[in-house]
Amino acid sequence: MASPKASSLSKYSALASYNITNITKSMATAGVFEVRPPTIAPTSEPPPLFDGTTRLYMSYSCPFAQRVWITRNYKGLQDKIKLVPIDLQNKPAWYKEKVHPENKVPSLEHDGKVLAESIDLIKYVDANFEGPSLVPNDPTKKEFGEELIKYVDTFVKDVFGSFKGDPVTQTSASFDYLENALGKFDGPFFLGEFSLVDIAYIPFIERFQIAFSELYKHDITVGRPKFATWIEELNNNDAYKQTKLDNPQQFVGFVKKVSLGQ
């Protein structure tokens, strides 16, 4: 008969093996490039809502939706969370009527309810689905992570607001803040290891890097080596890489129209 100590060790070994297998499986799934489902037509019929399928209503051009898409991919949930891509300029009427009254993306249909707000959603997906955690155990890192996530809205508003003035000068302090934040812990990411903080920022950094380069002939990474390394690391991250903009010029056109009146 096995001793209690041997039995405990056996259970621990089995649990460790299970966790490692699940994490490896999730990471392997994150590296698989799935075929993007086509954007649904505005005249399409709604899916069979609340049938037990978990659905992420999103748009391929939306940075807020991209956050949740990256989280899904990193945790290896491609088979667990179905993408429902929507044309933001031509949404089906049923989306507002039956899914999300505010008619915004992203939203997540899960367990008989619809949840919204991208930061809340990436935290929800991380906490309620299998796959590697995107929140560190270290309380110091957790606290700093929350501080950075609270700052992201300010950062995004500051950069967008600068497009009507002198963006290179006006955003210097904002980008320097990120450069300094990336030096707090060892590793190329904000908290050392890849986390929800990186996911909160990268969809907007992707777009801002394009806009600054195309419209102002400015490289936002110049003089910011940690920031440059962070972007490089993310560009090699499969979970993010497969969510990148198909048509970067679309965002350039958006900035020209909305901010520059062109």
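The values are calculated or read from the model by the stated rules, or taken from the named source; none is laboratory data. Everything numeric in this text was worked out from a predicted model, so none of it was measured. Cβ atoms come from the backbone with ideal geometry, glycine included; neighbour counts cover every protein chain shown. For the accessible areas, the whole protein counts, side chains as well, though only heavy atoms, and no ligand, DNA or RNA atoms are used. Shrake-Rupley method; radii C 1.70, N 1.55, O 1.52, S 1.80 Å.
Tabulated results
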{"quantity": "Test set (1) in a helix (DSSP H, G or I); (2) surrounded by 15 or more Cβ atoms within 10 Å (Cβ to Cβ) - K150 fails condition number", "calculated": "(2)"}
{"quantity": "Residue within the range 91-98 that is open to solvent by 40 Å² or more (accessible area, probe 1.4 Å), within 17 Å of the chain's Cα centre (by Cα) and either among the aromatic types (F, W, Y) or farther than 28 Å from K226 by Cα (or both) present", "calculated": "no"}
{"quantity": "From L182, L215, residue being in contact (Cβ under 8 Å) with a residue 24 or more places away in the chain and either farther than 21 Å from K256 by Cβ or open to solvent by 60 Å² or more (accessible area, probe 1.4 Å) (or both)", "calculated": "L182"}
{"quantity": "Qualifying residue in the range 196-208 (condition: part of a helix (DSSP H, G or I), of a type outside the set (D, E), surrounded by fewer than 18 Cβ atoms within 10 Å (Cβ to Cβ) and free of Cβ contacts under 8 Å to residues at least 60 places away in the same chain)", "calculated": "no"}
{"quantity": "In the range 239-262, the residues that are modelled with pLDDT of 95 or more, assigned to a helix (DSSP H, G or I) and open to solvent by 50 Å² or more (accessible area, probe 1.4 Å)", "calculated": "K241"}
{"quantity": "Residues being touching a Ser or Thr at 6+ places or on another chain (Cβ under 7 Å) and either open to solvent by 50 Å² or more (accessible area, probe 1.4 Å) or on the phi > 0 side of the Ramachandran plot (or both) - total across the range 161-175", "calculated": "2"}
{"quantity": "Single unsatisfied condition, D126 versus (1) surrounded by fewer than 21 Cβ atoms within 10 Å (Cβ to Cβ); (2) closer than 19 Å to D238 by Cβ; (3) in contact with a strand residue (DSSP E or B) (Cβ under 9 Å, 6 or more places away or on another chain)", "calculated": "(3)"}
{"quantity": "Test: residue in the range 61-80 that is surrounded by fewer than 21 Cβ atoms within 10 Å (Cβ to Cβ), of a type in the set (A, V, I, L, M), part of a loop (DSSP other than H, G, I, E, B) and free of Cβ contacts under 8 Å to residues at least 60 places away in the same chain", "calculated": "yes"}
{"quantity": "L191 within 17 Å of the chain's Cα centre (by Cα) and of a type in the set (A, V, I, L, M, F, W, C)", "calculated": "yes"}
{"quantity": "Among the candidates G161, G187, residue that is free of Cβ contacts under 8 Å to residues at least 40 places away in the same chain and not in a helix (DSSP H, G or I)", "calculated": "G187"}
